[in-house]
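Okay, so here's the structure we're looking at.
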Amino acid sequence: MVNIFRVKNIIDFYKLKKIKQKFKIKRSLLLNMTTVFGSIVLIGCVVLFVISQTYASNAVKNEAINAMEKVAEKTAENIEDNIQSRLYVIESISDTSVIKGKWENREASLEEKLQYLRDQLRKSIKLDFKRFALIGTDGNGYYQDGTPVDAEDVNYYKAIAQKGMSGFELRVQQNKNSFDYLFYSPVRHYLTNELAGAVVGIVDGNKFNQLISSAAYSEDGYSFAIDDKGNIIAHKDLDRIMKKENLINNSSSLNDTVNRMIKGENGIEEVKENGRDWLIAFTPVGNTRWSVGVVAPKEEVLKGIGRLKGAMIFFSLLIIILSVFLTFAMAKTTITPVLAVIQQIGSISKGDFTARMEEKFLYRRDEIGELALSVKRLKENFLPLIVGIREETKALFNSSVKLNDISEEIAISSEEVAKTVENVAQGANEQTMKIKDINDLIEEIKGSINGLFNEIARVKNSGEESFSYAQTGREKLGNLVGSIEEISSSFKLVLEKLEQMKTSVKQVEEVVEIIKGIAEQTNLLALNAAIEAARAGDKGSGFSVVASEIRKLSEQTRISLEKIRNLLRGMVSDTEQVVRTSELMDGKLKKQQESTGDTLSAFEKISMSISEMKTLIEKVFSDIGQISKLKDVIAERIEAISRTSEEASVSAEQISASVEEFAASTQEITKNAQEIVDIAKALEEKTKIFILPS
């Protein structure tokens, strides 16, 4: 009983533990899965955002830098193309015969030269030339319309004419608040090839400057150009051109950049000017001494990074929201069947096998479906096991009750046998006493026979007395015969009871064998339950404990049945010994009955002889020898009867001891049978916790 209560406590503990785990899962698993996977997605998005932002920013920045450098290179190419095209025009004009002084076969006049310039100016109007001038080596000269150059420009033109080479440069006329670009080429006399002067093309400064400064990378960006001394020669701010601003002297923040531009390098620099960050991409303008720079605000150049960052933040948030939603939906899809499985397991832990798993969970082709199928198989495997245990428990209980009843019947039969044996012993003692009396009488008869010859004279008188003694002996012999018959009847009853007891013991052995088979079957069922519980893992730990306790109870039942069978075998052996002793005693009683009958017949003969003594006195002497012989035979038989009575008394004592041992064994059987009844009842009560489908 202690083990059964222990099993109950263990089962209740595992029930409570599973219920707690069930509530915990229902309360937090869905939230935990959503939180964990949402956090993973969030972390992934943040990491991806940081990495993408870094790489994308660098990529956009590098792309912007490359684009600015390409814009700078393209601007330089355009400037060079504009310079070279205009310079080409001037060089072409200076290389013509008329400008060199030859007109057909004669020396060309000034008017012919100026007319040629007027013609070329009309052709070159698209190149923004506004005037052509023919300058002598002394600096004096005329424009194409015949207007002489200003006196203040003579020295300037003289320096150009004496260079003897083609070129271009910026001319700032502050007194006129204007600037223009001069393209010039030397003129050599066609005969002497001596330097005669130069052709100067004057390009509109605003238009040419617009060609350079209009090249921009961004809305607020612009381009500028400097010469090899750092002077601004093209800029969107015309004042800076008019002031002939030198960037080296006036802008310390641009010193490094300007120096690199003067050296003819290309590249890009980040500078800070007027509280704003700028990017300057610069490159030299071909074979000129100019260098062009493309300027753009840094925030405009990298504004794509901001847009990219915003787009990435938007899509990252969208991905996070979608991921959390999908995670929640997937977690709910996963948790719903898990909760259904947990509910099934909870019902099984309470012993309820009537709950059914929804079909849609059983047909899932994933681990959840396998889990649902496993729970279903667990129920299907345990259900016949529990039904079998319940039926075997009922059979064990019925057999135990039957064994208890048989044990009680055996106890009652043992008591009756004990009483019968006690009566047999008492009869044997009485028989012994009577045989002693008979022996005394025989001794008297022997004395009478021995004194017969001496008392023959007194035969007549003694005959009457002998007749009286004979009558008394006859009565006692009759009583002895009756006692012997009663003893024989008692022994027959003892033999019948012993046969009944032997049959009952065999029935008990059959019941014990049935109970042993039930116990072995219960042990096998418990072993199967333990194997199934082991297959179920932690889910079947409670059933494993129950199976272990049932196996222990089955083992105790087997041991108790083994003890009962050994006791029954001892009882059968003792019963057979009692039967053999009783049969032997019955045989001896039959012999004693026969001897007593012979003695009674002899006494009847004696009585008849004494009654007929008067008529038969003559025959006394002839019969005295036979009487003497009969006396010896009677003495021997009486002695045999005495020994038989003593043996019967001893056998009765042995039977009484065996019956007492048998009674003790019967009490032990009854006690063990009652324990089996209690165990079977406890098992039946434990199986009632299982609710089975009808």
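Is there a residue in the stretch 49-63 that is over 52 Å from the mean Cα position of the chain (by Cα), surrounded by fewer than 17 Cβ atoms within 10 Å (Cβ to Cβ) and at pLDDT 75 or above? Yes, some residue in the stretch 49-63 is over 52 Å from the mean Cα position of the chain (by Cα), surrounded by fewer than 17 Cβ atoms within 10 Å (Cβ to Cβ) and at pLDDT 75 or above.
Of the set (1) surrounded by 14 or more Cβ atoms within 10 Å (Cβ to Cβ); (2) among the acidic types (Asp, Glu); (3) touching a residue at least 40 places away in the same chain (Cβ under 8 Å), all apply to GLU269 but (3). The set of residues in the stretch 243-264 that are charged (D, E, K, R) and over 22 Å from LEU170 (Cβ atoms) contains only ASP256.
For every residue, the table says whether it meets (1) within 14 Å of TRP290 (Cα to Cα); (2) part of a loop (DSSP other than H, G, I, E, B).
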{"site": "ASN206", "(1), (2)": "no, no"}
{"site": "ILE212", "(1), (2)": "yes, no"}
{"site": "SER218", "(1), (2)": "no, yes"}
{"site": "PHE224", "(1), (2)": "yes, no"}
{"site": "LYS229", "(1), (2)": "yes, yes"}
{"site": "LEU254", "(1), (2)": "no, no"}
{"site": "ARG260", "(1), (2)": "yes, no"}
{"site": "LEU279", "(1), (2)": "no, no"}
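Within the stretch 64-91, the set of residues being modelled with pLDDT of 75 or more and aliphatic (A, V, I, L, M) comprises ILE65, ALA67, MET68, VAL71, ALA72, ALA76, ILE79, ILE83, LEU87, VAL89, ILE90.
The condition (being in the same structural domain as THR283 (by the TED database) and loosely packed, with under 15 Cβ neighbours inside 10 Å) is satisfied by just one residue among ASN177, ASN209: ASN177. When the stretch 124-159 is filtered for residues that are in contact with a helix residue (DSSP H, G or I) (Cβ under 9 Å, 6 or more places away or on another chain) and outside any strand (DSSP E or B), the ones remaining, listed by number, are SER124, LEU127, ASP128, THR137, ASP138, GLY139, ASN140, GLN144, ASP145, GLY146, VAL149. Applying the condition of being surrounded by 15 or more Cβ atoms within 10 Å (Cβ to Cβ) and in contact (Cβ under 8 Å) with a residue 40 or more places away in the chain to the stretch 239-252 and asking which residue is nearest to GLY293 (Cα to Cα) yields ILE241. Across the stretch 148-170, the qualifying residues are those that are among the polar types (S, T, N, Q) and surrounded by 12 or more Cβ atoms within 10 Å (Cβ to Cβ), and the one among them that is nearest to ASN206 (Cα to Cα) is SER166. Screening ALA198 against (1) touching a Pro at 6+ places or on another chain (Cβ under 8 Å); (2) in a loop (DSSP other than H, G, I, E, B); (3) of a type in the set (A, V, I, L, M, F, W, C) leaves a single unmet condition, (2).
Restricting ASN82, ASN78, ASN66 to those that are free of Cβ contacts under 8 Å to residues at least 40 places away in the same chain, in the same structural domain as GLY286 (by the TED database) and either in a helix (DSSP H, G or I) or surrounded by 16 or more Cβ atoms within 10 Å (Cβ to Cβ) (or both) reduces the list to ASN66.
Taking the stretch 104-118 as the region of interest, how many residues are over 23 Å from VAL154 (Cα atoms) and surrounded by fewer than 14 Cβ atoms within 10 Å (Cβ to Cβ)? Total satisfying the criteria: 4.
The values are calculated or read from the model by the stated rules, or taken from the named source; none is laboratory data. Just so you know, these numbers come straight off a predicted model, no measurement behind them. Glycine also receives a Cβ, built like all others from the backbone with ideal geometry; neighbour counts cover every protein chain displayed.
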